[in-house]
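All remarks here apply to the structure that follows.
The values are calculated or read from the model by the stated rules, or taken from the named source; none is laboratory data. It should be emphasised that the depicted structure is a prediction, and the values quoted were computed from it without experimental measurement. Virtual Cβ from ideal backbone geometry, glycine too; neighbours counted across all protein chains shown. The protein model used for the area step is the full one, side chains on, heavy atoms only, and it has no ligands, DNA or RNA in it. Shrake-Rupley method; radii C 1.70, N 1.55, O 1.52, S 1.80 Å.
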Amino acid sequence: MSQLITLPVIPLREAVLFPGVTSPIAAGRPGTLHAIEAALKRDQKRIFVVAQRENLDDASPELLYRVGTVATIGPIQRGPAGMRLLLTGDARGSVTRFEAEGGYLVATCEQTDEIPPLDPGAPSFLALYRETRERAAELGHRAGLPKEAVEQFLAENTDPGRLTDLVAGHLDLKASEAQVLLETLDVEDRMRQVLVFIHRQISVLDAQEDIKSQVQEELGDRQREMYLRQQLKTIQKELGDDSGREDLDELKERLAGLELPDVARKEVDREMGRLERMGPEGMEAQVIRTYLETVCELPWLERSEERLDMEAASDILEEDHYALGDVKDRILEFLAVRIMRLRRDQTPEGSQTEETDPSTPTTAAAEPDRNPILLFVGPPGVGKTSVAKSIARAMGREYVRISLGGVRDEADIRGHRRTYVGAMPGRIIQGMKQAGTLNPVFLLDEVDKLGMGHQGDPSSALLEVLDPAQNDTFVDHYLGVPFDLSEVQFICTANYLQNIPGPLQDRMEVVDFAGYTEAEKLEIARRFLTPRQIRQTGLSDEQICFADDAVKEIISRHTRESGVRQLEREIGRLGRKVARKIAAGLTLKVDVNKDQIQELLGRPKVHPEHAAETDQIGVVTGMFYTPVGGDIMFVEASPMPGKGELVLTGQLGDVMKESARAAWTYAKAHAEEMAIPSDAFKQDVHIHVPAGAIPKDGPSAGVTMATALVSALSGRPARNDVAMTGEITLAGRVLPIGGLKEKVLGAVRAGISTIIIPAKNEADLEDLPDTVRSELEIHLVEHLGEALAHTLRGAKLVDGRLKFE
């Protein structure tokens, strides 16, 4: 009886190692790696290799066969995922018991000797031996091995048992079949079984050749690719491997379970029929399959359950955003309409009020419910995108966002036709697939930055998407069938309304987002920005504290914007500098106040205009609007010797130059009334608007230029605490302007206490916060004379005529 030995165990999945065979394996399981390391520490580097009954990660003793192979470990290549090594089988081994030791299995086994044939010289055994050698040589030749290599292999291995094991190790066998051969100790019996497997593989090769000849006859001169795919198809059919068909049946079952419109159902059935008639490996088959899978993934009936609760929605909007009162009101009105529609739809059809005649048709029931398309317009950083996300949260709908900035191809919206290689649906259909429901909140961001190229105009493609009367039958070029977008709540955002084409703008309801006041920015910083940046910089409230005067200093001296993005960046930058101090052990807590801002953030980056300290002749304060907010500007007029010409500088646009010429003409026509000497117009007048490197344009500086011109020609100083805006006509009428809220807020920041605005802009004053209106003295004017009476020192209006003291 052989001596018992104890060896570490390598469990193999779906493989068997025969004695005499050298085979590479990849080891990655922790137990296997520990077993290999334990074997390497031994002198002979021997290990016990045994197959698993099932392909499981956990190789417990119950899963292992009782017969394996004692092997020697050869070269090893280590890697990040484990190791690769060569194992050479030495002898069969029979396990007495398995034990766990140090995170791996150890087998107590004994080497098992094979049973030689009773009579090696018997004719029957010799015939079996020769047949096995000849069929093994034939199989090697048929498999493409060189003749010399096969003959050398047979010459070096004449022992029946060794030959049988080596041939078995190179046959394509299932693990269970190979294990039976390993456990067969009788050499003659094992050789007979190996011969059966050799004959079986030779028969498979014969069948392959027959299939090859049949396919060649069938295809004739067709392309090589189609020939190879047809050959693979026939092989799979012969071997009973029809997994591709199972996938096709699964796809067909999924499509059958969809409730599609009639048009879509007809198209899907047609494409499915084409797919079934062609081979699944063809290029066109893959295109059709991708199309059908896209149809399966679209939400044809799935809807999110809406949460229409006015109080909860109001709380969510207040929780996510501060200020923006008009915007929140419009959103809550929209939700209220949704609630009323839902109540109307839930009313039983037969119920009628007493005042209503049941025979009278009602158009409300016949009209489809159409979601309004909202367009959020405002400067960057005021919360347009985040408000859309809050709307989705308040309504309990899915939220999808796509950015349209820089899109120049119509196919981005409508998709590519399937005739093109790499065709795919447009971004609208892709967004619907991402949402998974028919009624998401769909944000089209930066709709004013759509481009136009030789591939078409994407803004024109949006006309159908954003038209509630048409988008219930939106046809994507890739889909080729109508898809219902009528339940989608589309929301668009833009910075510049004038960049949106008129027909597209006409389909949307504009919601204006104005800039924030300094007080609103301060409150936003308290509620949202400061806590978020404290978390992101790894600090806590116990380590840093922001004083209100510090935040105000950042707002006024380090940022210039209508929104709060730059403000948040500056707060984050300040937080990082404090974090560096604390991390270095220089301090434990920092209370940030106004005096520390310059130390932490450096010198101020913004130098806003401030109200003039004294009254000046020919210098008048105007108000202007930019995408980053409002501000004041000074218009300077100065007479000089000349020929009575008007000189304009300061990078003024055409509209602004025309306003200056209109003011010049008005001053000439009413010189006596405004106490301007008659010889004043014989000299040149130079009108300059500072910040000459910045282009300026617009009609709203008309009143300001006229006032500066009259002040300079009449020699009367203009009040330094007054700012004005308004367009002027040749008759002196003051016309309304836009952007009043931003202009007034900019003037307040600059220290202005009195403003002059067109009388027709009185309604726009409601947009101003009460705190701002209470600090201002506001004059509404309809004529230039009224503006001059409030601006020029010593001027007043008597019976509608301008008088000077």
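Consider region 172-216 and keep the residues that are under 25 Å from Asp113 (Cβ atoms) and of a type in the set (Asp, Glu). The one that is nearest to the chain's Cα centre (by Cα) is Glu177.
Determine if region 603-618 includes at least one residue that is part of a helix (DSSP H, G or I), open to solvent by 70 Å² or more (accessible area, probe 1.4 Å) and more than 22 Å from Ser753 (Cα to Cα). The answer is no, given that none of the residues of region 603-618 is part of a helix (DSSP H, G or I), open to solvent by 70 Å² or more (accessible area, probe 1.4 Å) and more than 22 Å from Ser753 (Cα to Cα). Only one of the numbered conditions (1) farther than 30 Å from Asp467 by Cα; (2) of a type outside the set (S, T, N, Q); (3) not in a helix (DSSP H, G or I) is not met by Glu487, and that is (1). Does Phe490 qualify as being aromatic (Phe, Trp, Tyr) and more than 20 Å from Gly378 (Cβ to Cβ)? No: the conditions fail for Phe490. Where helices (runs of 4 or more DSSP H) fall entirely within region 265-364, those with at least 3 residues that are at pLDDT below 85 and open to solvent by 90 Å² or more (accessible area, probe 1.4 Å) are at 325-346.
Would you pick out the residues in region 496-552 that are hydroxyl-bearing (Ser, Thr, Tyr), touching a Pro at 6+ places or on another chain (Cβ under 9 Å) and at pLDDT 90 or above? Once the filter is applied, which keeps residues that are hydroxyl-bearing (Ser, Thr, Tyr), touching a Pro at 6+ places or on another chain (Cβ under 9 Å) and at pLDDT 90 or above, region 496-552 yields nothing. Here Gly785, Gly738 are screened, and the one residue that is part of a helix (DSSP H, G or I) and in contact with a strand residue (DSSP E or B) (Cβ under 8 Å, 6 or more places away or on another chain) is Gly785. Exactly one residue out of Gly630, Gly644, Gly575, Gly622 is in contact with a strand residue (DSSP E or B) (Cβ under 8 Å, 6 or more places away or on another chain), touching a residue at least 12 places away in the same chain (Cβ under 8 Å) and part of a loop (DSSP other than H, G, I, E, B): that is Gly644. All of (1) in contact (Cβ under 8 Å) with a residue 24 or more places away in the chain; (2) under 26 Å from the mean Cα position of the chain (by Cα) hold for Ala550 with one exception: (2). Look at region 405-434: where a residue is under 13 Å from Thr294 (Cα atoms) and open to solvent by 70 Å² or more (accessible area, probe 1.4 Å) and a partner is in a loop (DSSP other than H, G, I, E, B) and of a type in the set (Ser, Thr, Tyr), sitting 6+ places away or on another chain with Cβ atoms under 9 Å, you get Met424/Tyr478. No other residue among Asp764, Asp721 is farther than 17 Å from Val635 by Cβ, acidic (Asp, Glu) and open to solvent by 30 Å² or more (accessible area, probe 1.4 Å) apart from Asp764. For region 208-262, the tally of residues that are open to solvent by 90 Å² or more (accessible area, probe 1.4 Å), within 30 Å of Pro299 (Cα to Cα) and at pLDDT 80 or above stands at 6. Annotation: of all residues in region 730-757 being touching a helix residue (DSSP H, G or I) at 6+ places or on another chain (Cβ under 7 Å) and closer than 18 Å to Ala667 by Cα, the one that is surrounded by the fewest Cβ atoms within 10 Å (Cβ to Cβ) is Leu730.
Tell me, which residue of region 117-164 that is part of a helix (DSSP H, G or I), among the polar types (S, T, N, Q) and farther than 20 Å from Arg200 by Cβ is nearest to the chain's Cα centre (by Cα)? Looking at the filtered set, the residue picked out is Gln152. When Ile687, Ile694, Ile676 are checked against the criterion of being of a type in the set (A, V, I, L, M), over 30 Å from Lys741 (Cβ atoms) and either open to solvent by 70 Å² or more (accessible area, probe 1.4 Å) or in contact (Cβ under 8 Å) with a residue 24 or more places away in the chain (or both), a single residue qualifies: Ile676.
Per-residue answers, yes or no, for (1) in contact with a Leu (Cβ under 7 Å, 6 or more places away or on another chain); (2) buried (at least 17 other Cβ atoms within 10 Å of the Cβ); (3) among the aromatic types (Phe, Trp, Tyr):
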| position | (1), (2), (3) |
| --- | --- |
| Tyr129 | no, yes, yes |
| Leu139 | no, yes, no |
| Arg142 | yes, no, no |
| Pro146 | no, no, no |
| Thr158 | no, no, no |
| Leu166 | no, yes, no |
| Glu177 | no, no, no |
